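Enquirer: Structure provided below as structure tokens; questions to follow.
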Amino acid sequence: MNEMLSVEQLAGVVNDWCDEHGISPANGQAGERITVRNVRYYRTLGLIDAPALGGGQGFGEKHRLQLAAIRLLQAQGPAAEPDP
């Protein structure tokens, strides 16, 4: 995937990948589908790098992998509390 995607296309590509691989959030704290709003929120947290172009354009393979990693971590559920 070398093409640049819009934020809507990026969310769709990752949702399709999650559906294909049976990946979904474990505990209901995250939505079943990744939305444009989610992508923008993850950007503000610094979890996803800035797009190459402005206006919600210019997302590529790196961004797809970052978003897939977030979804995989959500599928694992919350981290266990360490023993005291």
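The values are calculated or read from the model by the stated rules, or taken from the named source; none is laboratory data. Bear in mind that the values here come from a model prediction, so they are computed numbers and not experimental data. Every residue, glycine among them, receives a Cβ derived from its backbone with ideal geometry; neighbour counts consider all protein chains shown.
Enquirer: Kindly indicate whether any position in the stretch 6-18 is assigned to a loop (DSSP other than H, G, I, E, B) and modelled with pLDDT of 90 or more.
Expert: Scanning the stretch 6-18 turns up at least one residue that is assigned to a loop (DSSP other than H, G, I, E, B) and modelled with pLDDT of 90 or more.
Enquirer: Still on this structure, I have one more. Filter the stretch 1-30 down to the residues that are among the hydrophobic types (A, V, I, L, M, F, W, C), exposed (fewer than 14 other Cβ atoms within 10 Å of the Cβ) and out of contact with any Gly (no Cβ under 6 Å at 6 or more places or on another chain) and list them by number.
Expert: Of everything in the stretch 1-30, just one residue is among the hydrophobic types (A, V, I, L, M, F, W, C), exposed (fewer than 14 other Cβ atoms within 10 Å of the Cβ) and out of contact with any Gly (no Cβ under 6 Å at 6 or more places or on another chain), namely MET1.
Enquirer: What's the total number of residues in the stretch 38-66 that are more than 14 Å from VAL14 (Cα to Cα) and either in a loop (DSSP other than H, G, I, E, B) or among the basic types (Lys, Arg) (or both)?
Expert: Residues that pass the stated criteria total 14.
Enquirer: Count, please, the residues in the stretch 31-65 that happen to be surrounded by 16 or more Cβ atoms within 10 Å (Cβ to Cβ) and under 11 Å from the mean Cα position of the chain (by Cα).
Expert: Residues in the stretch 31-65 being surrounded by 16 or more Cβ atoms within 10 Å (Cβ to Cβ) and under 11 Å from the mean Cα position of the chain (by Cα): 8 in total.
Enquirer: Assess whether ILE34 counts as being in a loop (DSSP other than H, G, I, E, B) and touching a His at 6+ places or on another chain (Cβ under 7 Å). Can you show your working first?
Expert: Values: in a loop (DSSP other than H, G, I, E, B): yes; touching a His at 6+ places or on another chain (Cβ under 7 Å): no.
Considered against the rule, which asks whether it is in a loop (DSSP other than H, G, I, E, B) and touching a His at 6+ places or on another chain (Cβ under 7 Å), ILE34 comes out as no.
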